[in-house]
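To start, the structure under review is shown below, and the notes come after it.
Every number in this text was worked out from the coordinates using simple rules, so none of it is lab data. Just so it is clear, the model here is predicted, and its values are computed rather than measured. Neighbour counts run over all protein chains shown; Cβ positions are idealised from the backbone, glycine included.
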Amino acid sequence: MTLALPLAAADARPEDTIASLHEVTRCFGARTALKQFSLALRAGEVTALLGPNGAGKTTVIRLLLGLLAPDAGRIQVLGRDPRQSRARTAIGAMLQVAQAPNLLTVREHIELFRSYYPEPLPTADLLDRTGLTPVQHQRFGTLSGGQKQRMLFALAMCGNPHLVCLDEPTVGLDIHARRQVWHDIRALAAAGKAVLLTTHYLEEADALAQHIVLIQQGRLIRAGTPGAIKQAVAAGRIRCRTKLPDEVLRACVAVVAIERRSPQEVVIFTHDPPAVLRALLALDATLSELEVSAASLEDAVLAMSAAA
Amino acid sequence: MIEPVQAAKPLAISGHRLRPYALEIAYEFIRLARTRAYSLSVIGFPLMFYLLFATGHRHTPIAKYLIASYSCLGLGSACLFGIGLGIAFERAQGWLELKWASPMPRLAYLLAKMASSAAFALIVMIALIGLGYSLGGVNVSPGQMAGLAGVLLLGSIPFTALGLLIGLIMPPTAGPSLINLIYLPLSFASGFFMPIAMLPRWLQAIAPALPTYQLAQLALAAFGFAPRAGALVHGLVLAGFSVLMFAAAWITFVAVQARTQ
């Protein structure tokens, strides 16, 4: 059982939808990477696909880019199947590229990618917008990590796309470079693009997206505004020995999920650890072996899908 | 003399349609030329072998034979290292995927690799003819030159196909040594270093099965060292080999795409 909120925000008009997945299923051999997954991406909106590694985030991106065919369901980008090359001219992508050819310069890379699109943005604009003008004649291999990521970002922008797919764009970046990429992503949405971003940081999704989709083992666990998702995703993890039964624990305010380790030992996931602690201590005087820690996204999402 | 490469471009209606092909070819050539390990070895090895083995046989047919056969050596290594290794790396680094997600014309990618390899083979050929003239004391007539250039251009098709297949199945880390391991015996057994008649019988029996042998026979026919009559058969064998390799590469590509998670 999954608990899905309605995908469309109340004020969104269907004509703004740039791309959509409808009940898409995709398997790799015996493994189901994506199961009856639906998603709508709207102009001017950043959607974050949030989930632990291997949840199916990259599969969603690859389906939207036409690199994969779905086993079942329908995918549309501006009314077209993304496997048609016409559809691709409307999409920009930033994938997890370990390396672009090192020996071509920034400008050469951009010129080449521009030639693929019928109406590319001017090279000077792209360089200017990404702050790469000073290093335009430098070879890719000599750039810093942040500059490399920005060049890949410039390549995604070459065709002035309607839909931009960013697969973990800030992985491996320092804080400064990460802020830069965040700034660029906000600018994309402001320019009216539909942006899909994958990440395994709740903080990043919260900072950027108007809409967060939580995904785990190929299934949509929950979707909604950052506020709603933050309430649903447990930030804290409390472990203790208590006599309190499951029902009482679940009824506590701010408890997202519980996990029984043994008849006495329990792990509680919560988005408000102090509130839960106060309730626990008030209810059970014999409470012992108390341990409070931050929950990883993996733990939190796993607990949620188990509880749902 | 790199002009003939341009012929590989397909006819298209507008300038916009042609531009990605032209740029893809140009930048692939530039990239390879800047890759010193590639450009130095693809051009350097045939020239070095020529200096070692041909200059002792000045004014003899050997000095001319080796111009044709080492040009083939150049084409083979240009394709196997440039295309095979190139694709293996681009695949492993996710670069191929990014290009595939863009509206890049699919054919442009392969044509660029093919045209660049052919260009390197022609550079090797011209340098060998120069060495042959200056140090080997042998002349290549314009007709023979055109014939050899034609063989190299057409020969770039089957070896592009082979390079593509290798690039799709080979892990990039194993790359260079694995290619050398296959390619060096192949070029020896195909008469690149000495006429096939001088090789052991069993090797002579195997040779016709090798695409490098078929290529060498065509190149030697252009110089009059092999009968012209056989050219059609060698050409057909190479055409069949190309179809086989492209088909295998396509099947591999589709399978890899479906498997990549």
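Brief remarks follow.
- Set of the stretch B:165-197 residues, backbone N closer than 20 Å to the point 7 Å along the Cα-Cβ line of residue B:247: B:165-169
- Count Lys and Arg as plus one, Asp and Glu as minus one, and take only other residues whose Cβ is under 10 Å from that of residue A:269; the net charge is then -1.
- Förster radius 45 Å - calculated FRET efficiency between residue B:259 and residue A:275 (Cβ-Cβ, nearest 0.05): 0.45
- The three principal axes of the Cα atoms in the stretch B:16-89 give end-to-end lengths of 51, 25, 17 Å, sorted in falling order.
- Positive contributions from Lys and Arg (+1) and negative ones from Asp and Glu (-1), summed over other residues with Cβ under 12 Å from the Cβ of residue B:136, come out at +2.
- Compactness check for the stretch A:100-173: Cα Rg over 2.2 N^0.38 Å is 1.03.
- Computed FRET value (nearest 0.05) for residue B:197 with residue A:139, which takes r as the C-beta separation and R₀ as 51 Å: 0.55
- Cα-based equivalent ellipsoid of chain A: semi-axis lengths in Å, sorted from largest, via gyration tensor: 41, 22, 16
- Proximity of backbone amide H atoms, modeled 1.01 Å from N, is registered between residue A:28 and A:33 at under 5 Å, excluding neighbours fewer than 5 places apart on the same chain.
- The stretch A:205-222 versus the stretch A:97-126: alpha-carbon centroid distance in Å: 31
- Inter-label distance, residue A:171 to residue A:123: 3.1 nm, where each label sits 7 Å from its Cα along the C-beta direction.
- When you filter the trypsin sites (Lys or Arg not before Pro) in the stretch A:258-297 for DSSP loop state and at most 12 other Cβ atoms inside 10 Å of their Cβ, you are left with A:261.
- Listed by chain and number, the lysines whose alpha-carbon sits under 26 Å from that of residue A:57, ignoring those within fewer than 8 places in the same chain, are A:35, A:148, A:193, A:230, B:99.
- Distance between the modelled labels on residue A:69 and residue A:293, one decimal in nanometres: 4.6 nm (7 Å Cα→Cβ projection).
- For chain B, the longest principal axis of the C-alpha atoms and the axis of helix B:175-189 are separated by about 30°.
- When the stretch B:45-150 is reduced to its Cα atoms, the Kirkwood hydrodynamic radius in Å: 15.2
- Computed from Cα atoms, the angle from the helix B:36-53 axis to the main principal axis of chain B rounds to 10 degrees.
- FRET efficiency estimate (nearest 0.05) - Cβ-Cβ, residue B:106 to residue A:38, R0 41 angstrom: 0.85
- Descending semi-axes in whole angstrom, ellipsoid equivalent of the stretch B:121-234, from the Cα gyration tensor: 25, 18, 15
- Between the residues B:166, B:234, B:67, the greatest Cα displacement towards the positive end of the dipole of chain B, with unit charges on the Cβ of Lys, Arg, Asp and Glu, is found for B:166.
- Each Lys or Arg adds one and each Asp or Glu subtracts one; over the other residues with Cβ under 10 Å from the Cβ of residue A:201, this totals -3.
- Each residue of the stretch B:160-168 was assigned a 3J(HN,Hα) from its phi angle through the Karplus curve 6.51 cos²θ - 1.76 cosθ + 1.60 (θ = phi - 60°); the sequence is 5, 4, 5, x, 4, 4, 4, x, 7 Hz, with glycine and proline shown as x.
- Per-residue mean of C-beta atoms belonging to partner chains within 10 Å, peptide A:87-94: 3
- Full-stretch length increase - residue B:173, residue B:51 - with 0.36 nm per residue and alpha-carbon distance subtracted: 40.7 nm
- Averaging 1/r over every pair of different alpha carbons in the stretch A:233-307 and inverting the result gives a Kirkwood radius of 11.9 Å.
- C-alpha long axis of helix B:211-222 to longest principal axis of chain B, angle in °: 50
- Alpha carbon centroid spacing (whole Å) that separates the stretch B:46-73 from the stretch A:135-175: 48
- Each listed q (0.09, 0.15, 0.16 Å⁻¹) maps to a log10 I(q)/I(0) for the stretch B:3-259 from the Debye sum over equal C-alpha point scatterers, namely -0.39, -1.07, -1.20.
- Rounded to whole Å, sorted largest first: equivalent-ellipsoid semi-axes of the protein assembly as shown, Cα gyration tensor: 59, 25, 20
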